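Below is one structure; the comments refer to it alone.
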Amino acid sequence: MLSETSVRHLLEPFGLELAPAQIGQLVTYLELLLRWNKRINLTAIHDPQACVTRHFGESLCLARWVELRGKLLDIGSGAGFPGLALKIVFPLLSVTLLERVAKKRAFLKEVARACGMDAVEVRAERLEEFVRQGAPNAFDFATSRAVGHLEELIPLAARCLRPGGRLYLWLSREQGEAIRAGASVKEANLEWVSTIPIPLSRKGEIWCGERRA
């Protein structure tokens, strides 16, 4: 297992300044991820160093540019990236994780428990079901990484945001350009306000769309 020193070194390219307690939470999360991944399919990446850079680093690099406060909706959480990982950097953030697979929900709850996280809600609904149940205009931020059907996801995610709320998507440059040119953004009443290059990734970027009033 990686030491806290090794983890801190692996995260250096992402420009993160984490407290010792946060590094400790990250190591606990990583240990659970590797252990559970032997039994259920949480991630195709099994190498600990790659998990740190590809999952934690790429998720947490948003924190270098943005301060998240209030309520965050993470769509298609899977193993918790980026939503649950961001909770390590922003412990006061209220996080709602949408994940349909029961075993993955169990994993997310175990990570939150083991890392001493509060204000974490894990829910089983699809995004469209969540919206129908009255979620619109409730969240300050929404995130999604490695999730398909973006043309459908974007308008629904935007409906969950308050005016001025922001949607962050982890995309390739080609995906982002295609989405910006498509109809879903106009339908969602979003304005793309910035892109953030992901360190160590040739084409990966974080795209930010802000919901208009």
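Each value in this text was obtained by applying a stated rule to the coordinates, not by laboratory testing. This structure is a prediction, so every number in the text was calculated from the model and none was measured. Note: ideal-geometry Cβ built from the backbone for every residue, glycine included; neighbour counts use all protein chains shown.
In region 152-159 there is at least one residue matching the filter, namely being buried (at least 16 other Cβ atoms within 10 Å of the Cβ) and in contact (Cβ under 8 Å) with a residue 60 or more places away in the chain. Scanning region 98-108 for residues that are surrounded by fewer than 17 Cβ atoms within 10 Å (Cβ to Cβ) and either over 19 Å from residue 157 (Cβ atoms) or hydrophobic (A, V, I, L, M, F, W, C) (or both) gives 101, 102, 103, 106. Looking across region 197-213, just one residue is in contact with a Lys or Arg (Cβ under 7 Å, 6 or more places away or on another chain) and either exposed (fewer than 13 other Cβ atoms within 10 Å of the Cβ) or among the hydroxyl-bearing types (Ser, Thr, Tyr) (or both), and that is 203.
Results for (1) closer than 22 Å to residue 198 by Cα; (2) basic (Lys, Arg); (3) over 15 Å from the mean Cα position of the chain (by Cα); (4) surrounded by fewer than 20 Cβ atoms within 10 Å (Cβ to Cβ), shown as yes or no for each residue.
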{"residue": "14", "(1), (2), (3), (4)": "yes, no, yes, no"}
{"residue": "66", "(1), (2), (3), (4)": "yes, no, no, yes"}
{"residue": "96", "(1), (2), (3), (4)": "no, no, no, no"}
{"residue": "112", "(1), (2), (3), (4)": "no, no, no, no"}
